[in-house]
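To start, the structure under review is shown below, and the notes come after it.
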Amino acid sequence: MADEKLVNELYAEICRIPLIDPHSHINPHRPTSRTLDDILGYHYYTELAHSAGMSKEPLSEKTSPRERVRAILTYMERFDNTVQYQWFVDIAQTFLGFQKERVEAADCDALYDAAEEKMAQKDWEDQVLRQSNIEKVFLTNDFDDPLEGFDTNRYVPCLRTDDLVFHLAKLDVRQRLSKATGIEVGDASALRKAVGKLFDHFRQHQARACAISLPPDFSPEKVSDSDLSAVLAKTSRGQDLSADEQRLCQNGTFWMLAEYCHELRMPFDLMIGVIRRVYEAGVFQGQDLFDQRTSLIQYRKLFNAFPNVAFCLSVLTTNQNQELGSFSWIFPNVMTSGHWWYANIPAYIELDARYRLQAVPKTKQIGYYSDMYKLEFGLPKYNMYRKILAKILAEDFVRGRGYSTEQAVELARLLLRDNARRLFQTDSQ
Amino acid sequence: MADEKLVNELYAEICRIPLIDPHSHINPHRPTSRTLDDILGYHYYTELAHSAGMSKEPLSEKTSPRERVRAILTYMERFDNTVQYQWFVDIAQTFLGFQKERVEAADCDALYDAAEEKMAQKDWEDQVLRQSNIEKVFLTNDFDDPLEGFDTNRYVPCLRTDDLVFHLAKLDVRQRLSKATGIEVGDASALRKAVGKLFDHFRQHQARACAISLPPDFSPEKVSDSDLSAVLAKTSRGQDLSADEQRLCQNGTFWMLAEYCHELRMPFDLMIGVIRRVYEAGVFQGQDLFDQRTSLIQYRKLFNAFPNVAFCLSVLTTNQNQELGSFSWIFPNVMTSGHWWYANIPAYIELDARYRLQAVPKTKQIGYYSDMYKLEFGLPKYNMYRKILAKILAEDFVRGRGYSTEQAVELARLLLRDNARRLFQTDSQ
Amino acid sequence: MADEKLVNELYAEICRIPLIDPHSHINPHRPTSRTLDDILGYHYYTELAHSAGMSKEPLSEKTSPRERVRAILTYMERFDNTVQYQWFVDIAQTFLGFQKERVEAADCDALYDAAEEKMAQKDWEDQVLRQSNIEKVFLTNDFDDPLEGFDTNRYVPCLRTDDLVFHLAKLDVRQRLSKATGIEVGDASALRKAVGKLFDHFRQHQARACAISLPPDFSPEKVSDSDLSAVLAKTSRGQDLSADEQRLCQNGTFWMLAEYCHELRMPFDLMIGVIRRVYEAGVFQGQDLFDQRTSLIQYRKLFNAFPNVAFCLSVLTTNQNQELGSFSWIFPNVMTSGHWWYANIPAYIELDARYRLQAVPKTKQIGYYSDMYKLEFGLPKYNMYRKILAKILAEDFVRGRGYSTEQAVELARLLLRDNARRLFQTDSQ
């Protein structure tokens, strides 16, 4: 029941908070788009176009970037109701000088040309960050990333560990690990040394978090070194692992990561709930889905075992949001983090954020992250969140509780900036 | 935050869209009610009256229709808060000349008489359809329905397959199948032929969909012909099936239906989540409930195996709505369909529809269906949905995104008419 | 879209309904707080302060009450966004003469002194009840509570049975039971007699309900007397029970309670979903959480077996609210009850209450209970609920359906007073 004027006023003020974006997939060597194809190549567009009827043919290398854009724009009118479409309009209007309300296939060439010109400007990266009001962006780095050649003050490294936990049995991963650390991981002790080297390397390059995405049936357990060694020895010999052995290897490696997070006071981002490759014939990055039947109770041992590790949790479904909020309300070491992927849609963001704001200490909430691959997406995604946040603050806090506008904006500042700075110690470099 | 005037304006425009109702239980030989007892005999009223304290006695054949109506009306004040009560008031006001805001037991005779008179009018069916602005209504036909004696242009046949999948082991069902097709289904090949005959028959009578309702633990798998044959042979000999064999029989038959849907380009409506006969002593059709712990991940093999079948999915809980929306956003062959039964309540319709409108291509959404048994219920049920839709369009699309009223109504037209026409090819008769 | 004036008007009217509070943890011998420490000792504050960074040290007996309050108030600014903080402000303003909008650590002494003075007033209990407009408060009594020395007309006894069902294998509990009843429970028949004595005792002292909280995996089953006897004999001999035997003992005892509820026409409050001691190092009463994966289908046998027992159900998650509403809509003996613990947060109360009001007979809904340990919390908790209820009534019933203010308030009166009076027969003493 908040009036539009108040919401708009709060939104404008919130937009002035310089953002710390604690999770993205930005390539720091090439953070911005170079063509409109980089924008519309984002899996949200390719998968929605495909879902709406486009074959995968325009996505092959045979198709030129401009024609690929044309193909996607042609199908876009079938999903112009979605919030992802709205992100694109926001990008076109803010960054590409687009003047209309709706993008159509006929706009392809004009937009493509405008993008090419704009994105070729020398200071494009700075322009985008400035207009988006983004100060720092966290990365998602492979464990063997050299982490060199970029400003780690702006692009904060983050050790992504999916490969270590879920694919250590693969020859390729073990070879990459061996190459990165000089250690063959034939047993638990060697793995511990190797992982320690990775953490050292990342810490030396100002990494501020360890991160992983996890399937809905993951349920971490401590594993004995001898059990883990037996399984690692088997993989070293190139033998296949049974399902139980795979799970043991995953648990052992995961628990080791938590131990290092404890030792090095490194927050551990857990992104919970994704099942990979559900739609086998889907487009690149457009194949993953989930099973709503999962629970944070699966993590009770972990949360109890590592009271000094800040676990920053993202969940993939609005169904799990009450667990997220409630576990964070009870466990000092559990933080709520952002609105992820299939739950990153206004209808659910609003409900989920509202519960968190009403039930979780405000200092324990990471309001949002972009999850973006190209810097241009920070602005529309954060805008979407900021609008919802402004609405909640207006209704529940200004109208509902007598907050002043300033007090409401202070609350927003924690969610968008200060909590991330404190939790990830981004100022202590 | 949309103002009432805009919502009302949108609602009025949306009401002008001629409806294609893609799922009902209408008996085309007797589509309308003849008495008020036909209206209040709808299980929503009998089960709510019973839940609120009415014994089942007035529902027996011994009670006259008028007295049965009186009994239900007497208990109705205990549930006059519900949306189902509101449907009834809408019917009374629109079709029966009822002038008051609330119906009471004292209105019994006047309403009963008014109904009897109105419903006896020769053109009652046409009146109802015209006032409801319904153009076509899909049926739910038993597999052995002769499909004759009605206008399949108005009443579109739909092959309902619950009996085939879940009750094929019953002698009665096998006899009906044999009688309808002339085939004894002693093995997989015979079953395939028999089912093929059913599809032929339905196609010849302009059937436009195959449909089934499924329990929450159903998880379709391909079954080999030899395995299926073994089980069918057993049932032919009158032997009982083990739980595993029953499941195998269900899976084998279900998969066969999907194969025919593929071959004949027939959409397959899956209505997921109901458990039958939970409340054993409940009223007719008022015994079924559900278990929220179910997931669309159980259908991953099916969706991957039949990329060319349009699966129109209904789910029974708002909990599963995110899965529905997300699977539809990723799988080209998954469509969202309506708001079903226990989720067909405004609080959840609003949240669920909002997510779909924000995340699923607009061309893939069947907005609503009536699920009605008598034509008079189309109007109040669609009105409920149209009001919510008007509110969402006003808030999220006109206010939130700058849509014109016309653009918002175009979106509604897809949900209420055009998507159903295209998906079910209702114009290609 | 209801305007603020209407909501405020409804709220004011709703506040005039004298409350029957059907579930609390009030100690009738000491119902009110004596110091501010009694207020801030409520687990919501200790657990939120701890979650936000406070060690457990200030909670030890070594710390004086005043210093404990100071410690919690110091951390309170970290969770001043929560609704629990808002309850505290409401208490401070209403009962302690606090004039400001926000409480800070600097207010500690003034508030502490004010509380000490106010709470020492002879008629403090009456003052609090009068200002809160609470007429009756249900208790949560241990099975061996003597139930003497208090006014059972104001404080209605309720037989809490967690110990009997879940801890009967513990020597301590068996000794308490033996002492309370004079019976050693070596077999099913003895247990039945003992439990019968408890019920007699409670009925003699005007108890109006039997209650229990249940873990999410609980799934009640009837147990034969001989099976139950075998297990009880084992516990009598001091032998440990296997997991299966424990479950059998729980089921057998639980089923027996339901039988007595049937026999004595006593409602049975089931509070479903809590897992105890998840956060092992948490503060007192701040360790319990849940697993969202649970279903009311687990209770189907129970609901079918006892059609004449009024089961008043609370669920711990908003996810289970649709089940709660739907089961109550179908089963005559299932009532919806309040908004419990982790679901007792406005964002979810609003959605959950809305569904119930739209789908469940109004006579079957217990709108709210306080769950409080000290009387001062009745007012802010009920205020929270009443505000949400006023909003829903304004939007859905007055605006949406043309209810008059009076009609809307009548609906509220059922939820807040009349349904509890009728179901628990509180007037028939």
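Quickly run through the stretch A:347-380 and pick out the residues that are among the small types (G, A, S) and part of a loop (DSSP other than H, G, I, E, B). I'd like the intermediate steps shown before the answer.
Taking the stretch A:347-380 as the starting set, the residues that turn out to be among the small types (G, A, S) are A:347, A:353, A:359, A:367, A:370, A:378.
Scanning the stretch A:347-380 gives A:G367, A:S370.
Touching a strand residue (DSSP E or B) at 6+ places or on another chain (Cβ under 9 Å) and surrounded by 13 or more Cβ atoms within 10 Å (Cβ to Cβ) - does that describe any residue in the stretch A:100-122?
If we filter the stretch A:100-122 for residues that are touching a strand residue (DSSP E or B) at 6+ places or on another chain (Cβ under 9 Å), which is where we start, we get none.
Looking for residues that are touching a strand residue (DSSP E or B) at 6+ places or on another chain (Cβ under 9 Å) and surrounded by 13 or more Cβ atoms within 10 Å (Cβ to Cβ), one finds none in the stretch A:100-122, hence no.
Looking only at residues in the stretch A:171-182 that are crowded, with 17+ Cβ neighbours inside 10 Å and without any contact (Cβ under 8 Å) to a residue 24 or more places away in the chain, which one is nearest to the chain's Cα centre (by Cα)?
Looking only at the stretch A:171-182, we keep the residues that are crowded, with 17+ Cβ neighbours inside 10 Å, and these are A:173-174, A:176-177, A:180-181.
Filter once more, so that each one left must be without any contact (Cβ under 8 Å) to a residue 24 or more places away in the chain: A:173, A:181.
Values: A:V173: 22, A:T181: 27 Å.
Applying the filter and picking the extreme gives A:V173.
Using the structure shown, decide if B:H50 is surrounded by 23 or more Cβ atoms within 10 Å (Cβ to Cβ), facing chain C (nearest Cβ under 10 Å) and in contact (Cβ under 8 Å) with a residue 60 or more places away in the chain. If you could, list the steps in order and put the result at the bottom.
Numbers: surrounded by 23 or more Cβ atoms within 10 Å (Cβ to Cβ): yes; facing chain C (nearest Cβ under 10 Å): yes; in contact (Cβ under 8 Å) with a residue 60 or more places away in the chain: yes.
The answer is yes for B:H50.
Residue-wise test of (1) touching a Lys or Arg at 6+ places or on another chain (Cβ under 8 Å); (2) of a type outside the set (G, A, S); (3) under 30 Å from A:V278 (Cβ atoms).
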{"position": "B:W341", "(1), (2), (3)": "no, yes, yes"}
{"position": "B:I349", "(1), (2), (3)": "no, yes, yes"}
{"position": "B:G367", "(1), (2), (3)": "no, no, yes"}
{"position": "B:T405", "(1), (2), (3)": "no, yes, no"}
{"position": "B:D418", "(1), (2), (3)": "no, yes, yes"}
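Is it true that some residue in the stretch B:2-15 is outside any helix (DSSP H, G or I), buried (at least 16 other Cβ atoms within 10 Å of the Cβ) and within 27 Å of the chain's Cα centre (by Cα)?
Scanning the stretch B:2-15 turns up at least one residue that is outside any helix (DSSP H, G or I), buried (at least 16 other Cβ atoms within 10 Å of the Cβ) and within 27 Å of the chain's Cα centre (by Cα).
Each row is one residue, and each column tells you yes or no for (1) in contact with an Asp or Glu (Cβ under 6 Å, 6 or more places away or on another chain); (2) under 23 Å from B:L423 (Cα atoms); (3) of a type in the set (V, I, T).
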{"site": "B:A188", "(1), (2), (3)": "yes, no, no"}
{"site": "B:A209", "(1), (2), (3)": "yes, yes, no"}
{"site": "B:V231", "(1), (2), (3)": "yes, no, yes"}
{"site": "B:D244", "(1), (2), (3)": "no, no, no"}
{"site": "B:C249", "(1), (2), (3)": "no, no, no"}
{"site": "B:G252", "(1), (2), (3)": "no, no, no"}
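Is at least one residue of the stretch C:257-275 more than 28 Å from C:A190 (Cα to Cα), at pLDDT 95 or above, of a type in the set (A, V, I, L, M) and surrounded by fewer than 22 Cβ atoms within 10 Å (Cβ to Cβ)?
Within the stretch C:257-275, one or more residues are more than 28 Å from C:A190 (Cα to Cα), at pLDDT 95 or above, of a type in the set (A, V, I, L, M) and surrounded by fewer than 22 Cβ atoms within 10 Å (Cβ to Cβ).
Going by what's in this entry, would B:D144 be described as among the acidic types (D, E), more than 17 Å from B:E376 (Cβ to Cβ) and not in a loop (DSSP other than H, G, I, E, B)?
no
Hey, A:S295 hits all of (1) in contact with a Leu (Cβ under 9 Å, 6 or more places away or on another chain); (2) touching a residue at least 12 places away in the same chain (Cβ under 8 Å); (3) within 9 Å of chain C (Cβ to nearest Cβ); (4) surrounded by fewer than 24 Cβ atoms within 10 Å (Cβ to Cβ) but one; which does it fall short on?
If we test A:S295 against (1) in contact with a Leu (Cβ under 9 Å, 6 or more places away or on another chain); (2) touching a residue at least 12 places away in the same chain (Cβ under 8 Å); (3) within 9 Å of chain C (Cβ to nearest Cβ); (4) surrounded by fewer than 24 Cβ atoms within 10 Å (Cβ to Cβ), just (1) comes out false.
Where the second residue is small (G, A, S) and surrounded by fewer than 20 Cβ atoms within 10 Å (Cβ to Cβ) and the first is under 14 Å from C:P220 (Cα atoms) and lies in the stretch C:303-316, which pairs have Cβ atoms under 8 Å and are six or more apart or on separate chains?
Sorted first by the residue in the stretch C:303-316, then by its partner, the pairs are C:N304/B:A281.
Touching a residue at least 24 places away in the same chain (Cβ under 8 Å), of a type in the set (F, W, Y) and within 11 Å of chain B (Cβ to nearest Cβ): which single residue out of A:Y355, A:Y279, A:Y260, A:Y342 fits that description?
Numbers: A:Y355 fails: within 11 Å of chain B (Cβ to nearest Cβ); A:Y279 fails: touching a residue at least 24 places away in the same chain (Cβ under 8 Å); A:Y260 fails: within 11 Å of chain B (Cβ to nearest Cβ).
Among A:Y355, A:Y279, A:Y260, A:Y342, only A:Y342 is touching a residue at least 24 places away in the same chain (Cβ under 8 Å), of a type in the set (F, W, Y) and within 11 Å of chain B (Cβ to nearest Cβ).
Residues in the stretch B:190-216 that are surrounded by fewer than 20 Cβ atoms within 10 Å (Cβ to Cβ) and outside any helix (DSSP H, G or I): how many?
3
What tally of residues in the stretch C:380-398 results from selecting those that are over 19 Å from C:A359 (Cβ atoms) and of a type in the set (D, E, K, R)?
3
Would you point out which residue out of A:K374, A:K387, A:K391 is within 27 Å of B:P361 (Cβ to Cβ), of a type in the set (K, R) and within 17 Å of the chain's Cα centre (by Cα)? Even if it seems obvious, please write down each step before you answer.
On the way: A:K387 fails: within 17 Å of the chain's Cα centre (by Cα); A:K391 fails: within 17 Å of the chain's Cα centre (by Cα).
It is A:K374.
Please specify each residue of the stretch C:388-421 satisfying the condition of being surrounded by fewer than 20 Cβ atoms within 10 Å (Cβ to Cβ), assigned to a loop (DSSP other than H, G, I, E, B) and either in contact with a strand residue (DSSP E or B) (Cβ under 8 Å, 6 or more places away or on another chain) or among the hydroxyl-bearing types (S, T, Y) (or both).
C:S404
Given (1) touching a Leu at 6+ places or on another chain (Cβ under 7 Å); (2) at negative phi; (3) within 14 Å of another protein chain (Cβ to nearest Cβ), where does B:G273 come up short, assuming only one miss?
(2)
I need the full set of residues from the stretch C:23-57 which are among the small types (G, A, S) and under 16 Å from C:Y112 (Cα atoms), in order please.
Of everything in the stretch C:23-57, those that are among the small types (G, A, S) and under 16 Å from C:Y112 (Cα atoms) turn out to be C:S33, C:G41.
Applying the selection to the stretch C:282-292, what residues are away from chain B (no Cβ under 13 Å), in contact (Cβ under 8 Å) with a residue 12 or more places away in the chain and of a type outside the set (D, E, K, R)?
Answer for the stretch C:282-292, where residues must be away from chain B (no Cβ under 13 Å), in contact (Cβ under 8 Å) with a residue 12 or more places away in the chain and of a type outside the set (D, E, K, R): C:G282, C:V283, C:F284, C:Q285, C:G286, C:L289, C:F290.
If a residue must be more than 14 Å from chain A (Cβ to nearest Cβ) and without any contact (Cβ under 8 Å) to a residue 24 or more places away in the chain, how many such residues does the stretch C:55-91 contain?
Number satisfying all stated conditions: 8.
Has the stretch A:6-26 got at least one residue that is within 14 Å of chain C (Cβ to nearest Cβ) and over 30 Å from A:M266 (Cβ atoms)?
Initially, the stretch A:6-26 is screened for residues within 14 Å of chain C (Cβ to nearest Cβ), giving A:6.
From the residues that got through so far, the ones that are over 30 Å from A:M266 (Cβ atoms) too are A:6.
Within the stretch A:6-26, one or more residues are within 14 Å of chain C (Cβ to nearest Cβ) and over 30 Å from A:M266 (Cβ atoms).
Those residues that are closer than 18 Å to C:T46 by Cα and either more than 7 Å from every other protein chain (Cβ to nearest Cβ) or in contact (Cβ under 8 Å) with a residue 40 or more places away in the chain (or both), I need them from the stretch A:361-372; list them, please.
Within the stretch A:361-372, A:K362, A:T363, A:K364 meet the criteria.
So which residues in the stretch A:290-300 are farther than 19 Å from A:C312 by Cβ and touching a helix residue (DSSP H, G or I) at 6+ places or on another chain (Cβ under 6 Å), if there are any at all?
A:D291, A:Q292
Table: residues versus (1) surrounded by fewer than 24 Cβ atoms within 10 Å (Cβ to Cβ); (2) farther than 30 Å from B:I392 by Cα; (3) within 14 Å of chain B (Cβ to nearest Cβ).
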| residue | (1), (2), (3) |
| --- | --- |
| A:T318 | no, no, yes |
| A:F327 | no, yes, no |
| A:N333 | yes, yes, no |
| A:I349 | no, no, yes |
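The values are calculated or read from the model by the stated rules, or taken from the named source; none is laboratory data. Note that the structure is a prediction, hence the values are computed from the model and not measured. A quick note on method: Cβ atoms are made from the backbone with ideal geometry, for glycine too, and the neighbour counts reach across all protein chains shown.
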